[in-house]
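The structure under discussion appears below in the form of structure tokens.
The values are calculated or read from the model by the stated rules, or taken from the named source; none is laboratory data. None of the values given here were measured: they were computed from a predicted structure. When we count neighbours, we look across all protein chains shown, and the Cβ atoms used for this are built from the backbone with ideal geometry, even at glycine.
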Number of protein chains: 2
Amino acid sequence: MNCVLRDSMGLLVCYIILFSGLVVLPQGGLGARMNSASKEGGFHPSTTNSSLTQEVEVQKQAPRAPFKLGPKIHNWDQQRAAWLAKYPHKRLTPQGRPNMILVTSSPPEPCPAATGDHFLLKSIKNKMDYCRLHMIEIYYNMAIMEMDDFWIKLPIIRKLMVSHPEAEWIWWMDSDAIFTDMTFDFPVEKYEGRNLVVHGWDKAVYEDKAWVGLNAGIFLLRNCQWSLDLLDMWAPLGEKYGNHKNEVGDFLSKELLGRPNFEVDDQAALVWVLYSKPELRPHVFLENSYHLHGWWVDLTAHFDEMITKYHPGDGGSKWPFITHFVGCKFCAGKYNSSSLERCYYEVERAFNLADNQVLKPYGYQHESLSSVDVKKVSDEVTHPLERLGIRLTD
Amino acid sequence: MNCVLRDSMGLLVCYIILFSGLVVLPQGGLGARMNSASKEGGFHPSTTNSSLTQEVEVQKQAPRAPFKLGPKIHNWDQQRAAWLAKYPHKRLTPQGRPNMILVTSSPPEPCPAATGDHFLLKSIKNKMDYCRLHMIEIYYNMAIMEMDDFWIKLPIIRKLMVSHPEAEWIWWMDSDAIFTDMTFDFPVEKYEGRNLVVHGWDKAVYEDKAWVGLNAGIFLLRNCQWSLDLLDMWAPLGEKYGNHKNEVGDFLSKELLGRPNFEVDDQAALVWVLYSKPELRPHVFLENSYHLHGWWVDLTAHFDEMITKYHPGDGGSKWPFITHFVGCKFCAGKYNSSSLERCYYEVERAFNLADNQVLKPYGYQHESLSSVDVKKVSDEVTHPLERLGIRLTD
């Protein structure tokens, strides 16, 4: 037991002390109570119950502070601005775009599923291709640094932010998400003044508290104080130590629309943080005008029709930017709504849909979306640069 | 049968027509005969044998030209210079270094060996890390475009050259090679006037004709006419069609020192081309002052001692630049001189040796060289940019 205690009414109360105040779980139906808390982020249950277990008694006597990703950073915007003033040429890429780092992760040990690692390999190649074409740095994590499972992204994002002041955006992307439109550019200009961009819907998150009101498998965080503060709010809900994960999970399953009951996941926690801290909203862009995340079950059946009717560039319903294999768990070898075989089949098709866009300039295409084999579609020429506007006579 | 015919003396003669003339296999012991050939690269056996099989008779009537990677390009240096004149800012990276593309490859289907794909995943992460740290583009190939097996590198390198005029060097690296010194920079200045850089020894290649006189698993080719011409000379020895591969392999096993007898491989063919075409030598740098390729069997046993005595930066015997797991075939699941288990154990150690250099700025290290787990070695700080020379007061 850590920050979860039963009060004198026998109700579950979990206090999570955040950087600038207090988020109290639960609210409403679970009988939340607002408590004051020190700015140091201490743990201060207001009442205790004589029926507490011995373990909890010990913890009560020496309560541990909530989990932190690191020491509180207060002036990151100023630090970063000073750094950029010193290295102004690092503010933008040579193409005049803000620097971005895409980060993804997979386990340091072999996948339990037989061909899980092979699909991870295709997944990382897909991301390498997209990032090369769009001048985005890519960081591939295989280390469990602080938090693990769903939560591994948080410490890595923070470390990348503070170690790479040149990066304006850190872009998290789950290993089970595949770029399917290699031409679509993340529209940075659209997000002026926003610090978090994630696929979602305002009503679903801010009114319905829907677990799938946003998808936390793919999101971008601006490298700024606001984002460090968000991470500081978000991380304690899935803290590294302690066994409150199941209890917070129980709570969020009751509070959020459509959440099955399991230990707290980063997505439910993010929905909860955004819902319960309205002051964050002006800096959040819940995007749904294109598929920053598109659920594979809705998309893959249309791939063949799409190819005959449309072309990449739309990013949305005509040609999805990112196809996300949510529920497949192709590395773990478990599956949710679909069989693993169907997942693999569709991941291969999504990969090849993207790979065709990568191979075209080299004169090749996959024989079909489900084939690993490629065929030549254009011959090499003696003046390859003519298409780039260079004409010479021999 | 393709370019291999038995002449009237019953001797094996293989003619391979090259861009600027003729390489005749075999020479010496196998009773080679020099033949003239048209500049069009046609196939012109001077004699035939009445015992030829029907298949060969058919081929004789309609002899096929030797395999080509593509149409002959004559003025690549001029085309590329014109392109660079149009886009002068693309000549160098923002760091003032020549643009380079590192290319590696793995099969489009899952590895036969159980954890082969997992080690391919670590191998590509290792290369991504090195390339990010050194501002090198990376291209990961999974398509079998023209030639396969050992030979897959040749068509890919050519395609990258002609599609990426901004790249001064194309760097091939086998999937079983691991960067073990993440700080060592490819010393471009050293290779002024050289177009091929490969680990090897002049005497071993040019005098001894040793199969291991160079290692073709890792090499760099300058993006220039000379390199396209080299590829045009090299590729026909392992041509896509025809079954001369075994016969050329037989020949090279007899000609080259220490080559086991198997179908022609790219390394034996390169040794043979460099040996038999002395005019190429001034443009070749056979490098051995650091480990552009270091054989793992010679190196991995010293990793622990190395860590206590030295630090990365040497690239050579103190701390190898690249550790190459030649003979392991960890994807195919076969092994040569070593057991697959020993290979995996040492690949993991080599990966972690490099990964420690990547993780250090984020405050982590592997618990040991053979452990996938990491431990914290430095705490995060509130002023992370102080180490980059930015000091602010709160």
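Scanning region A:138-165 for residues that are within 12 Å of chain B (Cβ to nearest Cβ), buried (at least 20 other Cβ atoms within 10 Å of the Cβ) and among the charged types (D, E, K, R) yields A:Glu146, A:Arg158, A:Lys159. There is at least one residue in region B:113-126 that is at the interface with chain A (Cβ under 8 Å from one of its Cβ atoms) and polar (S, T, N, Q).
Only residues that are facing chain B (nearest Cβ under 9 Å) and closer than 20 Å to A:Ile157 by Cα were counted in region A:81-92, giving 2. Just one of (1) modelled with pLDDT under 95; (2) in contact with a Leu (Cβ under 8 Å, 6 or more places away or on another chain) fails for B:Gln59. It is (2). For region A:371-390, filtered to residues that are in a loop (DSSP other than H, G, I, E, B) and more than 8 Å from chain B (Cβ to nearest Cβ), the residue that is farthest from A:Ala301 (Cα to Cα) is A:Ser378. Scanning region A:254-282 for residues that are crowded, with 17+ Cβ neighbours inside 10 Å, part of a helix (DSSP H, G or I) and touching a residue at least 40 places away in the same chain (Cβ under 8 Å) yields A:Glu255, A:Asp266, A:Gln267, A:Ala268, A:Leu270, A:Val271, A:Trp272, A:Val273, A:Leu274, A:Tyr275, A:Leu280. Of the residues making up region B:326-340, one or more are within 22 Å of B:Pro112 (Cα to Cα), touching a residue at least 12 places away in the same chain (Cβ under 8 Å) and assigned to a helix (DSSP H, G or I). In region A:67-75 there is at least one residue that is within 18 Å of the chain's Cα centre (by Cα), over 30 Å from A:Thr183 (Cβ atoms) and not assigned by the TED database to the domain that holds A:Trp169. Counting the residues of region B:319-348 that are in contact with an Asp or Glu (Cβ under 9 Å, 6 or more places away or on another chain) and either hydrophobic (A, V, I, L, M, F, W, C) or surrounded by 21 or more Cβ atoms within 10 Å (Cβ to Cβ) (or both) gives 13. Within region B:95-112, not a single residue is among the acidic types (Asp, Glu), surrounded by 22 or more Cβ atoms within 10 Å (Cβ to Cβ) and facing chain A (nearest Cβ under 9 Å).
Condition first: in a helix (DSSP H, G or I) and either buried (at least 20 other Cβ atoms within 10 Å of the Cβ) or more than 9 Å from chain A (Cβ to nearest Cβ) (or both). Can you find one or more residues in region B:361-370 that meet it? Reasoning before the result, please.
Going through region B:361-370, the residues in a helix (DSSP H, G or I) turn out to be B:361-362.
Right, trim to either buried (at least 20 other Cβ atoms within 10 Å of the Cβ) or more than 9 Å from chain A (Cβ to nearest Cβ) (or both) and you get B:362.
So far as region B:361-370 goes, yes, one or more of its residues are in a helix (DSSP H, G or I) and either buried (at least 20 other Cβ atoms within 10 Å of the Cβ) or more than 9 Å from chain A (Cβ to nearest Cβ) (or both).
Quick one: in region A:205-216, which of the residues that are in contact (Cβ under 8 Å) with a residue 40 or more places away in the chain and assigned to a helix (DSSP H, G or I) is farthest from A:Glu146 (Cα to Cα)?
Step one: filter region A:205-216 for residues in contact (Cβ under 8 Å) with a residue 40 or more places away in the chain, giving A:205-206, A:208-216.
In the following step, the residues that additionally are assigned to a helix (DSSP H, G or I) were identified as A:205-206.
On the way: A:Val205: 28, A:Tyr206: 30 Å.
Looking at the filtered set, the residue picked out is A:Tyr206.
Pairs are defined by a Cβ separation below 7 Å, a sequence spacing of at least 6 or placement on different chains, a first member in region A:217-229 that is over 19 Å from A:Arg91 (Cα atoms), and a second member that is among the small types (Gly, Ala, Ser); the pairs so defined are A:Gly217/A:Ala177; A:Ile218/A:Ala177. Within region A:374-394, restricting attention to residues that are surrounded by fewer than 18 Cβ atoms within 10 Å (Cβ to Cβ) and farther than 21 Å from B:Glu146 by Cα, the residue that is modelled with the lowest pLDDT is A:Asp394. Residues that are more than 7 Å from chain B (Cβ to nearest Cβ) and surrounded by 15 or more Cβ atoms within 10 Å (Cβ to Cβ) within region A:65-80 comprise A:Pro66, A:Phe67, A:Lys68, A:Leu69, A:Trp76, A:Arg80, listed in sequence order. Selection of first residues in region B:125-151 that are without any contact (Cβ under 8 Å) to a residue 40 or more places away in the chain and over 15 Å from B:Thr104 (Cβ atoms) and of second residues that are among the β-branched types (Val, Ile, Thr) and part of a helix (DSSP H, G or I), restricted to Cβ pairs under 9 Å at least 6 apart or on distinct chains, gives an empty result.
When the criteria are applied in full, B:Glu255 meets the requirement of being charged (D, E, K, R) and over 30 Å from B:Ala350 (Cα atoms).
Would region A:361-368 turn up any residue that is in the same structural domain as A:Gly315 (by the TED database) and farther than 23 Å from A:Arg132 by Cα? Yes - at least one qualifying residue is present in region A:361-368.
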